[in-house]
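Reviewing the structure listed below.
The values are calculated or read from the model by the stated rules, or taken from the named source; none is laboratory data. Bear in mind the structure is a predicted one, so any value in this text is a computation, not a measurement. All Cβ positions, even for glycine, are placed from backbone atoms using ideal geometry, and neighbour counts span all protein chains on display.
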Amino acid sequence: MRYNESKDFDFIRGEILVLNKPIDWTSFDLVNKVRIMLCRFLKIKKLKLGHAGTLDPKATGVMVLCSGKFTKQIDEIQADEKEYIALIKVGAITPSYDLETEENEQFPTDHITLVMIENVLQSFVGSIEQIPPDYSAIKVDGKRAYKLARKGKEFELKPKLLVIKEIELIRAEMPEIELRIVCSKGTYIRALARDIGKALNSGAYLIGLKRTRIGEYSLDQSLDLAELADMLSAHFQEKIISTI
């Protein structure tokens, strides 16, 4: 499903946008750029706009943005289950469990078989406890964990209870495995990669992540910024013409 250009948008009163976040952008980067774009088209200086569910800078995919009165739905949307396509490298780790930091330790992989991978993956399905990554936005004594981690500070994060509904092995071409994951709110796929590596008696970290769904909002509904700009141009130009 794509957006209907004939729809009469009212971003000030409230709308929901489903966007595809580019790699190396923070979630705030995307919200800020969309806000600037909408304010320019609407000829206003401020717009209430927020996002439902943060994505790490190295991740791409579905981000739901809410404006106006629909910002009240952010918590509800964030609570919905998520679906991801994750690419994991086995045999090494990084401090951040993804590509934000360099590999700092390598491990053997010769003992890992396809059957072993499939059995390990299924052991994570269901309710599990997961320790969040040190490089995360969780607050420790009022400070973000990732800021402490980057300064080399030592601290301990408590495990969180979450649900992994599905893990599907898409392909296994060592040292890479590609997975489809359906999970609850609060799941760190980077931490899941770390734990899968440990369960394989090796190491692993995330080298690619795409969120394909948040609840009812899916990637095939998503617009990139260029598509959003084209849609807004067509909409507001049509609106201007219709008032002449």
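Details
- Counting the residues of region 127-144 that are over 18 Å from the mean Cα position of the chain (by Cα) and surrounded by 14 or more Cβ atoms within 10 Å (Cβ to Cβ) gives 3.
- Residue match in region 96-103 (condition: more than 23 Å from G53 (Cα to Cα), assigned by TED's automatic domain parsing to the domain that holds E168, within 22 Å of the chain's Cα centre (by Cα) and in a helix (DSSP H, G or I)): no
- Boolean, E118 is part of a helix (DSSP H, G or I) and either closer than 15 Å to S202 by Cα or modelled with pLDDT of 95 or more (or both): yes
- Restricting attention to region 130-164, the residues being of a type in the set (K, R) and either assigned by TED's automatic domain parsing to the domain that holds P57 or modelled with pLDDT of 90 or more (or both) number 2.
- Residue check, L192 modelled with pLDDT under 95 and surrounded by 14 or more Cβ atoms within 10 Å (Cβ to Cβ): no
- One residue alone among F124, F107 is surrounded by fewer than 18 Cβ atoms within 10 Å (Cβ to Cβ), assigned by TED's automatic domain parsing to the domain that holds Y205, within 23 Å of the chain's Cα centre (by Cα) and closer than 16 Å to A204 by Cα, and that residue is F124.
- Number of the exception - M231 against (1) in contact with an Asp or Glu (Cβ under 8 Å, 6 or more places away or on another chain); (2) closer than 19 Å to D98 by Cα; (3) buried (at least 18 other Cβ atoms within 10 Å of the Cβ): (2)
- Selection within region 195-213: residues that are within 30 Å of L38 (Cβ to Cβ) and crowded, with 22+ Cβ neighbours inside 10 Å. The member of this set that is nearest to the chain's Cα centre (by Cα) is R211.
- Odd one out for E118 among (1) under 17 Å from L192 (Cα atoms); (2) charged (D, E, K, R); (3) in contact (Cβ under 8 Å) with a residue 60 or more places away in the chain: (3)
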